[in-house]
1. Hey, can you grab everything whose amide H is under 5 Å from the amide H of ASN51? Only 5+ residues off in sequence or another chain; H modelled, so Pro and N-termini drop out.
2. Which of THR38, THR10, THR32 has the fewest other C-beta atoms within 10 Å, and how do the rest follow up to the most?
3. For Cα pairs less than 8 Å apart in space and 6+ apart in sequence, what is the mean separation divided by the residue count of the range 39-117, i.e. the relative contact order in percent?
4. With springs connecting C-alpha atoms under 10 Å apart, model the chain as a Gaussian network and identify which of LEU107, LEU23, LEU121 has the largest mean-square fluctuation.
5. Rounded to whole Hz and in sequence order, give me ³J(HN,Hα) for the range 116-127 from the Karplus expression 6.51 cos²θ - 1.76 cosθ + 1.60, θ = phi - 60°, writing x for Gly and Pro.
6. Which whole-number percent is the relative contact order of the chain (Cα, under 8 Å, 6+ apart)?
7. What number, rounded to the nearest 500 deg cm²/dmol, is the helix-based mean residue ellipticity at 222 nm of the chain, given -39500 (n - 2.57) per DSSP H run of at least four residues and division by all its residues?
8. Take every Cα-Cα distance within the range 24-162, group them into 5 Å bins from 0 onward, and report for each bin the whole-number percent of pairs it holds.
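Read-outs: derived from the displayed coordinates by stated rules, not from any lab. No experiment lies behind these values; they were computed from the predicted model shown. All Cβ positions, even for glycine, are placed from backbone atoms using ideal geometry, and neighbour counts span all protein chains on display.
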Amino acid sequence: MNGPASAIGTSSFVPAPDNGRMLRDVFGRFATGVTVVTTRGPDGCVAITANSFSSVSMDPPLVQWAPARSSSRFAAFTDALHFSIHILGAEQESLAYEVARDQRALLRHAMEVNDNDVPILQNCLARFDCARHAVHDAGDHAIVVGEVLRAQMREGLPLIFFQGKVSRLHSN
Ligand SMILES: Cc1cc2nc3c(=O)[nH]c(=O)nc-3n(C[C@H](O)[C@H](O)[C@H](O)COP(=O)(O)O)c2cc1C
C-alpha cells in the first residue's frame, strides 16, 4: 500500500543561515494576493508592492502587512500615520512589478488623494484606507497594523502570488 500522498517528495529541515533559499521556497507554498501600499512620505508619494498583507480583526477592523527593513521604503511606511492598501486585480500584473521596481511609479498613474491626503490608485480590486494602529518588530521585517477607516471594492478576479511568481486564477 502506498503511504500518504503528503509523504511523497517531501523534505524537512531546520531553518538555518545556510538554507534560506529552502525556507523562502516553503514560505512560497502559501498562495497570496498582491497589494500595492501607498503613503505620503516626507518627500512625496511612496508606493510598495507587498504580498504580506492579511486581514486581522473585525472589531475593530484591522489589517496588517510587513515591510522589509532592507527596503529603502521601510521608514516611509513604518513612520506613516495613514496609508492605503490596494488589492490588485488579475489584469494589474505590470503595475505590481512597476511599483516593486520604483517607489515613485505612482507618479506615472492616475492618482487621487483620500481624506487623509494619501495617494490612492483607481480601479484596483479593493482598497483599505488605514490609520496606523501599531508597528511591531518582526525580525528582518516589521509588522504594520492598520485600522481600516474606509474600504472599497469592485467585482473581478485577483492577482495571485505563488512560488515566487505572479499569476492569475484559472477558473474551470
Ligand atoms: C509580488 C511581490 C510581493 C512583495 N511583497 C513585499 C512585502 O510584503 N514586503 C516588502 O517589504 N517587500 C515586498 N516586495 C518587494 C518590494 O515591492 C520592493 O521591490 C522592495 O521594497 C524594493 O526595495 P528598494 O526600495 O530598496 O529598491 C514584494 C515584491 C513583489 C514583486
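1. THR35
2. Details: THR38 28, THR10 8, THR32 17.
By the 10 Å Cβ count, ascending: THR10, THR32, THR38.
3. On the way: 71 pairs, mean separation 28.9, N = 79.
After rounding, I find 37 percent.
4. So, out of LEU107, LEU23, LEU121, the one fluctuating most is LEU23.
5. Going residue by residue, I get 9, 6, 8, x, 10, 9, 8, 6, 7, 5, 7, 8 Hz, with x marking Gly and Pro.
6. Details: 329 pairs, mean separation 44.6, N = 172.
Averaging sequence separation for qualifying contacts and normalising by length gives 26 percent for the chain.
7. Working: 3 runs with 23 residues, N = 172.
Mean residue ellipticity at 222 nm (helix-derived): -3500 deg cm²/dmol.
8. Here the calculated profile for the range 24-162 is 2, 10, 21, 25, 23, 13, 5, 1.
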